[in-house]
Each structure stands twice: as C-alpha cells, then as structure tokens.
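**Q** Got a structure here, written out as structure tokens. Questions coming.
The values are calculated or read from the model by the stated rules, or taken from the named source; none is laboratory data. Just so we're clear, the structure is a prediction, and the values are computed from it rather than from any experiment. Heads up, the Cβs are rebuilt from the backbone with ideal geometry, glycines too, and the neighbour counts pull from every protein chain shown.
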Amino acid sequence: MNEKGHSLEQLLIIPLLLLSVILIFDLILGLGEVSTAFKRFANALLTSYTLGSGAMLGAMFFYADSRNKPLSPLIGMLFATFVGAVLMLFALSYSDLLLEGNGSMQAQFFSNVVHLLVVTSAICAAIGLNAGLLMSFISGQPPRTMPWENEEE
C-alpha cells in the first residue's frame, strides 16, 4: 500500500478498464475504412522521419558549433536526412502511396506536412493545457508544514 491507500493492483486496473471500454466500442462501431491504413501509416512515417531528421540536423549544427566544430554529428544527421528524403521520393514515385486524390509526390508531401503540423499543434496545445492545469492545482493547494523546525538565523 502506498500513502494514499491505493494498492498497485487498483492503479493498474484503471487503464485495463479503459482499454476494455475502447475495445468494446471498437467491436460495436467497427474500424471503418481500413484499406488505406498502410498507405496513411507509410506516408506519416516517411514524412515524420524526413522532417524529424531535418530538425535534428539543425540541432546537430548547434551541437557541433558548441564542440569546436566537429563535423561528425552534422554529417551523420545530413546523411539521415538524405536517406529519409530518398526513401520518401522512392516510395511515393514507385508505389501506390498517393492519397486523397493527390496528383503528384509534392502534393502528397505537403498534405502530409499539413497533417503533421495540425497534429503537432494539437499535442502542444494539450501539453500547455495540462501544464496550466497542473500549475493551478499545485498553486491552489494550502502550504504544507515541514516535519522539521525552521532554523533560526
């Protein structure tokens, strides 16, 4: 038992109950259209990898600058970005990965970027909201008394 009186089993049962409710809703409502699920996953994965490695390339640029310019992290991330871009262009040009009636690779890439930006902004807004709620909860609590006496100066 921990201080609040909840055992580990009680804390583990809550996520299991939530998962079972989600699975019941999934069985009742069905999955919907799943024929394009792999295409969507592959597009999202390739776009996220390419943009993420590009962002890491920028981070490695500043890291290399702080380490008196060793080029190994910069070259490594440049190579990772290049590999991601080549994989994305290869997959989009030689496979049937175009979605939503996009007529070209560029249209599909920019569609993926817009979806990624929308999801990222939603996650950032949720993080900000949770941080604000946490800070208001912490600051709204009465001050705690310390178990030891304050020292006199």
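**Q** Identify all residues within the stretch 77-89 that are of a type outside the set (A, V, I, L, M) and at pLDDT below 80; write none if there are none.
**A** Of everything in the stretch 77-89, those that are of a type outside the set (A, V, I, L, M) and at pLDDT below 80 turn out to be T81, G84.
**Q** Further question on the same structure: For A37, only one of the following conditions fails: (1) within 24 Å of the chain's Cα centre (by Cα); (2) modelled with pLDDT of 80 or more; (3) surrounded by 10 or more Cβ atoms within 10 Å (Cβ to Cβ). What is its number?
**A** (2)
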